[in-house]
Amino acid sequence: MDQNLKIELGKQGVFVTTIQELYNWGRKSSVWPMQFGLACCAIEMIATTMARYDLARFGAEVFRPSPRQADLMIVSGTVTKKMAPQVVRLYNQMAEPRYVIAMGACAISGGPFKQGYNVLKGIDRYIPVDVHIPGCPPRPEALIHAFMTLQKKIDGQSLTGENRPRHLDAEQQGEFPVPEQGKHDLEPPANPDVWHFPIIR
Amino acid sequence: MKTVEEIKAAIEAAVPGAGVTVVPNGSPSGQHSLLLDAEHAFAVAKFLRDDAELALDFLSNVTGVDWLDKEVTEKVKVTKQVAKEIDGVQQMVDETVEETRKHVEPGYLEAVYHLFSMKKKHGPVVIRMRTKNRTDEVELPSLTPVWRAAEFQEREVFDLYGVVFTGHPDLRRILMWDEFKDHPMRKDYVEPDDFEYEPTAHDKVLQRHKDHVAKVGAEKETGNAGARA
């Protein structure tokens, strides 16, 4: 629709929009994160929600203690291999549409514990991640930036066509396999549908 | 506070038959420790806690140490009878030959306890216990009934080193999951191959990366790529 016409109509007291805009505006303005923290990044996440940084300005003030009521999973901290199956299970329990922010070096790659035996080298091995934030830990501004990036991403999605969001595509995978805790490592060590070993030559 | 030699003498007087060895520490701290034998360790621990003069009522730390099998090479002088011809006559003559001998000193697992006294404001007293080997005879007496603080730390030593503490009230893994079979802090632990590329990989890390890429490539060719991404 022509923007000038829209503005003209607005002056006359007529509000014109599209279903897509309205729908995405609704989605992006009330993203409720899940209330769970894994390590020191969680402290920054808590600070972000408090009065000084005030994540409520972006419609995300309600941290839900149940995955059934949450839209956004902020993976805030080190994901140990002992914890990884529970994180994937919580993600499975969230209702669509759902988003994931991997917060901090540990959540995106294992961080300083990458060389160790007990830390998952990035949560994107098992679940699809929308926004990665580097930092150890990232400052609250960085989390807010990630949140705004997510809002932009939601705003840019079209409801039909190839790149429509996952919850509007019946073919898309809804549940992601929870890794088993095996004798030596998690089994499988990554979900091949979500993550591939990056071959760099 | 008493020196380790004095503590050793006090233990030997109080617990008959207890085998106590002083393990010297050559560093400037000179924090010598006492090696206890497993059979009497529990009685000795009780004595250390309850003795009026020592009163070691606080256990601050339990650590595990893994000592691998050690190959020792030593030169030994051996006297042998050697046949020799002297002045045209065949004779047996003693001859001293230097020989290098190798033998393997079996490894063991060790638990180290650091004790302090809150009452007397002194410490630390370091006690050690060693298992017979590092494969099947890995039992040590648990000191949890003496110092309750040992409970979680002995579980950790059990989890990461595989020392089995007999008499522990609840000996389960504490950090790794129950199904896990390895002991990750042992020196011969092999890490799982879940490697990911690093932009600044070098030396060992680069080798690991190359091995992993070769493995993934081989699995792709055999059509088993889904098993390990």
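The values are calculated or read from the model by the stated rules, or taken from the named source; none is laboratory data. Since this is a predicted model, take the numbers as computed values, not measurements. Because the Cβ atoms are built from the backbone with ideal geometry, glycine has one as well, and the counts that use them run over all protein chains shown.
Considering only strands (runs of 3 or more DSSP E) fully contained in segment A:64-165, which possess at least 1 residues that are under 30 Å from B:V190 (Cα atoms)?
A:72-76, A:99-103
Looking at B:L59, B:L54, which one is in the same structural domain as B:K121 (by TED's automatic domain parsing), over 27 Å from B:L160 (Cβ atoms), in contact (Cβ under 8 Å) with a residue 12 or more places away in the chain and not in a helix (DSSP H, G or I)?
Result of the check over B:L59, B:L54: B:L54.
Residues of segment A:123-150 being in contact (Cβ under 8 Å) with a residue 24 or more places away in the chain and over 12 Å from the mean Cα position of the chain (by Cα), which ones?
Result: A:R125, A:Y126, A:P134, A:G135, A:C136, A:P137, A:P138, A:R139, A:P140, A:E141, A:I144.
Restricting attention to segment B:83-118, report how many residues are over 30 Å from B:D188 (Cβ atoms) and in contact with a strand residue (DSSP E or B) (Cβ under 9 Å, 6 or more places away or on another chain).
Final tally of qualifying residues: 18.
Could we say that B:K84 is surrounded by 14 or more Cβ atoms within 10 Å (Cβ to Cβ), of a type in the set (D, E, K, R) and either part of a strand (DSSP E or B) or modelled with pLDDT of 90 or more (or both) here?
Judged against the criteria, B:K84 is not a match.
If a residue has to be aliphatic (A, V, I, L, M) and surrounded by fewer than 16 Cβ atoms within 10 Å (Cβ to Cβ) to count, how many in segment B:39-54 make the cut?
Within segment B:39-54, residues that are aliphatic (A, V, I, L, M) and surrounded by fewer than 16 Cβ atoms within 10 Å (Cβ to Cβ) number 1.
Can you tell me which residue is nearest to B:E74 (Cα to Cα) among those in segment B:87-113 that are modelled with pLDDT of 80 or more and not in a strand (DSSP E or B)?
The residue in question is B:P106.
What number goes with the only condition from (1) more than 15 Å from the chain's Cα centre (by Cα); (2) more than 18 Å from A:V131 (Cβ to Cβ) that A:N24 does not pass?
Condition not satisfied by A:N24: (2).
Could you grab me the full set of residues in segment B:97-118 that are exposed (fewer than 12 other Cβ atoms within 10 Å of the Cβ) and of a type outside the set (D, E)?
B:V97, B:T100, B:R101, B:K102, B:H103, B:V104, B:M118
Scan segment B:181-212 residue by residue and report those that are more than 7 Å from chain A (Cβ to nearest Cβ), over 21 Å from the mean Cα position of the chain (by Cα) and part of a loop (DSSP other than H, G, I, E, B).
Within segment B:181-212, B:D193, B:F195, B:E198, B:P199, B:T200, B:A201, B:H202 meet the criteria.
Restricted to segment A:30-60, and to residues that are among the polar types (S, T, N, Q) and out of contact with any Phe, Trp or Tyr (no Cβ under 8 Å at 6 or more places or on another chain), which residue is farthest from A:C106 (Cα to Cα)?
Filtering segment A:30-60 for residues that are among the polar types (S, T, N, Q) and out of contact with any Phe, Trp or Tyr (no Cβ under 8 Å at 6 or more places or on another chain), the one farthest from A:C106 (Cα to Cα) comes out as A:S30.
Find the residue count for segment A:166-187, including only residues that are assigned to a loop (DSSP other than H, G, I, E, B) and at the interface with chain B (Cβ under 7 Å from one of its Cβ atoms).
4
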